[in-house]
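Student: Sharing a structure here in structure tokens format.
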Amino acid sequence: MCEVSRTVRVDLGDRGYDIHIGRGFDSVLQSEGSGTTALLVSDSNVDPLYGDRCAELLTRRNFKVERAVVPAGEASKSLECIQSLFDHAISGRLDRRSIVVALGGGVVGDLSGFAAGTYLRGVKFLQVPTSLLAMVDSSVGGKTGVNLPQGKNLVGVFYQPVEVAVDLDTLATLPDREYLSGMAEVVKYGVIWDAPFFEMLESNVAPLRARDPDVLASIVSRCCEIKAEVVAQDERESGVRAILNYGHTLGHAIENACGYGQLLHGEAVSVGMVYAAELSCVCRGFSREDADRITRLLAALGLPVGRSQLPDGVPWKALRSAMASDKKARSAIPTFVLSDVMGSVAFNCDVPEDALEAAFSALV
Ligand code: NAD
Ligand code: GLY
């Protein structure tokens, strides 16, 4: 077996798995077939770049490869695309020993994972994430699903992959805006869990923006370690896993109120993290200095941090109303993940109504 650079274990007993992080599919993808069928799912951007290479490797590893390509973009996280993957699975004669391989960003991962978790009541699933967001977040932890016309991620299952194979070289072709959007989730891990990691990010802004491979290897590994630890403690989000939603209460509301696609997910979460830090200062005594550090780091990474960077004229009322329908809201009252000190947060925090708007007004 080829050597891999780094391995992170997601410790979930008999559903546990390794995340292999390195350079080149050959060195990170460890699964072997035995004449079994692999349905390789990708999107219309990623398939032309990496589909053949991944298919060849799977063939060398004794899989019979079937391929499915969905249009790139969030609209593919749909029940129609699930049906099209089932069509591929049936025409390719996938059986209970088969595997679904997700090659792409979070859209392909969430979609393929849901198909894998439900086809024949569950076939194996392998994640090969190619966006930064998918590498540090969506490919790990087993949340899969699709959107409905009524809302995002409304249908899905928790379904863990058997392996996550992270080829850092694929980041070279990721568009800059998508790359930086993923960086918001990277910063999030420092804020919620690991103050020294946050400091390391502060000291490495230029290499991060230049996609330095060594720095990327270490930050992707650390994010995966943190996510693995959180998921191992609370696989189904009955408690601590909620901390991964830092910045997401306002972030989701921005995406929802401005229309999906206006701001990328990480961009919306970036503004949401600045907002959560402001609320944390007011409600939990978080230090103003650390809140400013969060804003400075996100801005230095090229991410939006204030009201002025939101799409034209999005009114507070629309955001407040979108927060009320957040999946985590209780009786239309939004709850927040808030900082106590850098690297440590509390979840399910209530915030007085007047503080909600005041903190939004405080954003530049
Ligand atoms: P995405 O999958 O749409 O990918 C972003 C864009 O980058 C797409 O156009 C894609 O084709 C392109 N792309 C991906 N890798 C590339 C590469 N290496 N080179 C060139 N282009 C590449 O979006 P995303 O940001 O990866 O993921 C967002 C999705 O993830 C959302 O649907 C969100 O709900 C979901 N998500 C899921 C979880 C989870 O835990 N399951 C967590 C966070 C987000
Ligand atoms: N992205 C949040 C989670 O996986 O729980």
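Student: Is there a residue being charged (D, E, K, R) and open to solvent by 40 Å² or more (accessible area, probe 1.4 Å) anywhere in region 264-279?
Tutor: Among the residues of region 264-279, not one is charged (D, E, K, R) and open to solvent by 40 Å² or more (accessible area, probe 1.4 Å), which makes the answer no.
Student: Counting only residues that are of a type in the set (A, V, I, L, M) and free of Cβ contacts under 8 Å to residues at least 60 places away in the same chain, which one in region 255-273 is farthest from TRP316 (Cα to Cα)?
Tutor: Restricting to residues being of a type in the set (A, V, I, L, M) and free of Cβ contacts under 8 Å to residues at least 60 places away in the same chain, the top hit is LEU263.
Student: Could you grab me the full set of residues in region 234-261 that are of a type in the set (Ser, Thr, Tyr), more than 13 Å from ligand 1 (Cβ to nearest atom) and under 16 Å from ALA277 (Cβ atoms)?
Tutor: Result: THR249, single match.
Student: Kindly indicate whether ASP110 is within 16 Å of ligand 2 (Cβ to nearest atom), open to solvent by 20 Å² or more (accessible area, probe 1.4 Å), among the charged types (D, E, K, R) and touching a Ser or Thr at 6+ places or on another chain (Cβ under 7 Å).
Tutor: Numbers: within 16 Å of ligand 2 (Cβ to nearest atom): yes; open to solvent by 20 Å² or more (accessible area, probe 1.4 Å): yes; among the charged types (D, E, K, R): yes; touching a Ser or Thr at 6+ places or on another chain (Cβ under 7 Å): yes.
It is true that ASP110 is within 16 Å of ligand 2 (Cβ to nearest atom), open to solvent by 20 Å² or more (accessible area, probe 1.4 Å), among the charged types (D, E, K, R) and touching a Ser or Thr at 6+ places or on another chain (Cβ under 7 Å).
Student: Further question: If you check every pair at least six apart or on different chains, which have Cβ atoms under 6 Å apart with a residue in region 125-140 that is within 10 Å of VAL220 (Cβ to Cβ) and small (Gly, Ala, Ser) first and a residue that is assigned to a helix (DSSP H, G or I) and open to solvent by 10 Å² or more (accessible area, probe 1.4 Å) second?
Tutor: none
Student: Then there's this: Restricting the first residue to region 108-121 and requiring it to be touching a residue at least 60 places away in the same chain (Cβ under 8 Å), which pairs with a second residue that is more than 9 Å from ligand 1 (Cβ to nearest atom) and acidic (Asp, Glu) meet a Cβ separation below 9 Å and a spacing of at least six or different chains?
Tutor: As it stands, the answer is none, since no pair meets every condition given.
Student: Mind counting the residues in region 41-65 that are polar (S, T, N, Q) and either within 22 Å of the chain's Cα centre (by Cα) or part of a strand (DSSP E or B) (or both)?
Tutor: 3
Student: Turning to a different aspect of this structure: Which of the residues that make up region 209-222 are in a helix (DSSP H, G or I) and either at positive phi or within 18 Å of the chain's Cα centre (by Cα) (or both)? First the steps, then the outcome.
Tutor: Here is the first cut: in region 209-222, the ones in a helix (DSSP H, G or I) are 209, 213-222.
LEU216, ALA217, SER218, ILE219, VAL220, SER221, ARG222, listed by residue number.
Student: Name the residue that is farthest from SER112 (Cα to Cα), counting only residues in region 26-36 that are touching a helix residue (DSSP H, G or I) at 6+ places or on another chain (Cβ under 9 Å) and open to solvent by 10 Å² or more (accessible area, probe 1.4 Å).
Tutor: Among those residues, the one meeting the criterion is ASP26.
Student: Has region 114-124 got any residue that is closer than 27 Å to ALA257 by Cα and either more than 13 Å from ligand 2 (Cβ to nearest atom) or surrounded by fewer than 24 Cβ atoms within 10 Å (Cβ to Cβ) (or both)?
Tutor: Checking region 114-124: at least one residue is closer than 27 Å to ALA257 by Cα and either more than 13 Å from ligand 2 (Cβ to nearest atom) or surrounded by fewer than 24 Cβ atoms within 10 Å (Cβ to Cβ) (or both).
Student: While we're looking at this one, here's another question. Based on this model, can you work out whether GLY113 counts as within 11 Å of ligand 1 (Cβ to nearest atom), at positive phi and not in a loop (DSSP other than H, G, I, E, B)?
Tutor: No: the conditions fail for GLY113.
Student: Would you please list the contacts, defined by Cβ atoms under 8 Å and residues six or more apart or on different chains, that run from a residue in region 166-179 that is among the hydroxyl-bearing types (Ser, Thr, Tyr) to a residue that is open to solvent by 30 Å² or more (accessible area, probe 1.4 Å)?
Tutor: Cβ pairs passing all conditions: THR170/LEU49; THR173/LEU49; TYR179/ARG211.
Student: Give me the residue from region 291-316 that is modelled with pLDDT under 95 and aliphatic (A, V, I, L, M) and, out of that set, farthest from VAL269 (Cα to Cα).
Tutor: VAL314
Student: Of the residues ASP292, ASP312, ASP234, only one is of a type in the set (D, E, K, R) and either open to solvent by less than 50 Å² (accessible area, probe 1.4 Å) or touching a residue at least 60 places away in the same chain (Cβ under 8 Å) (or both); which?
Tutor: ASP234
Student: Looking at ALA228, ALA184, which is the one that is small (Gly, Ala, Ser) and within 12 Å of ligand 1 (Cβ to nearest atom)?
Tutor: ALA184
Student: Please enumerate the residues belonging to region 147-202 that are open to solvent by 50 Å² or more (accessible area, probe 1.4 Å), over 28 Å from LEU40 (Cβ atoms) and within 16 Å of ligand 2 (Cβ to nearest atom).
Tutor: Hit for region 147-202 is TRP193, nothing else.
Student: I need the full set of residues from region 66-85 which are in a helix (DSSP H, G or I) and in contact with an Asp or Glu (Cβ under 8 Å, 6 or more places away or on another chain), in order please.
Tutor: SER76
Student: Given the condition under 13 Å from PHE347 (Cα atoms) and modelled with pLDDT of 95 or more, answer yes or no: does some residue in region 252-266 qualify?
Tutor: no
The values are calculated or read from the model by the stated rules, or taken from the named source; none is laboratory data. This is a predicted model, so every value here is computed, not measured. With ideal geometry, Cβ positions are generated from the backbone for all residues, glycine too; neighbour counts draw on all protein chains shown. Side chains are part of the model used for accessible areas, which takes the heavy atoms of the whole protein and leaves out ligands, DNA and RNA. Shrake-Rupley method; radii C 1.70, N 1.55, O 1.52, S 1.80 Å.
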